[in-house]
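The values are calculated or read from the model by the stated rules, or taken from the named source; none is laboratory data. What you see is a predicted model; the values in this text were computed from it and never measured. Here Cβ is always computed from backbone atoms with ideal geometry, including for glycine, and neighbour counts include all displayed protein chains.
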Amino acid sequence: MASRAWRYHECEAVCACGVVRFMAAIHITDIESAINYWRRVSPSPDGVTLCAPLRHLAEIYALLVYYGETEADEDSMPKPALEAWLKWVDSLPDTPCIAICSTSQGDDMCKGCGRTFDEVQFWPEMTPGEKRSVWRRITVENNAWRFNRYSERALERSQP
């Protein structure tokens, strides 16, 4: 049985860019979405058998549910599960940007995408887990123009 060592712990870390942040955590809803991605990409041939990436993600999901946790630590997640999750992340738009950046006008929080000035500045250096944590926060807050006033821009930019 896997240990709980991979769980999210609220500790601060200083990234290469010098910004102090909480360690990245992968939310259970991201694990669910990754599981659904793999169910679409590699459906069960008999309705019972799961592909390997799906099995790895299902184990993490089951442990989160069993222990009553909602987040898994990106840095200590088992490699096969992390690889399966990263494959799903690669299928998503990388940035929430809709090309209306108010941080360039001096705002601490971008009205267009909902990211903070530091999140916009250091986005290229952030890990996938850190980026998904930001995506989750801005989605839950639902204040950014990408979710209301300019939602059509977000749809256009997410199309392949």
Search segment 104-120 for residues that are without any contact (Cβ under 8 Å) to a residue 24 or more places away in the chain and crowded, with 17+ Cβ neighbours inside 10 Å and pair each with any residue that is of a type in the set (Ser, Thr, Tyr) and not in a helix (DSSP H, G or I) when their beta-carbon atoms are under 8 Å apart and the residues are at least 6 apart or on different chains. MET109/THR116
Do any helices (runs of 4 or more DSSP H) lying entirely in segment 36-137 carry at least 2 residues that are farther than 22 Å from ALA25 by Cβ and in the same structural domain as ASN148 (by TED's automatic domain parsing), and which ones are they? none
Can you work out which of the residues in segment 49-103 that are aromatic (Phe, Trp, Tyr) and free of Cβ contacts under 8 Å to residues at least 40 places away in the same chain is farthest from ARG146 (Cα to Cα)? TYR66
Hey, any hits in segment 96-103 for a residue that's modelled with pLDDT of 95 or more and surrounded by fewer than 16 Cβ atoms within 10 Å (Cβ to Cβ)? no
Taking first residues from segment 23-38 that are surrounded by fewer than 18 Cβ atoms within 10 Å (Cβ to Cβ) and second residues anywhere that are at pLDDT 95 or above and of a type in the set (A, V, I, L, M, F, W, C), the pairs with Cβ under 6 Å that are 6 or more apart or on different chains are ILE28/LEU64
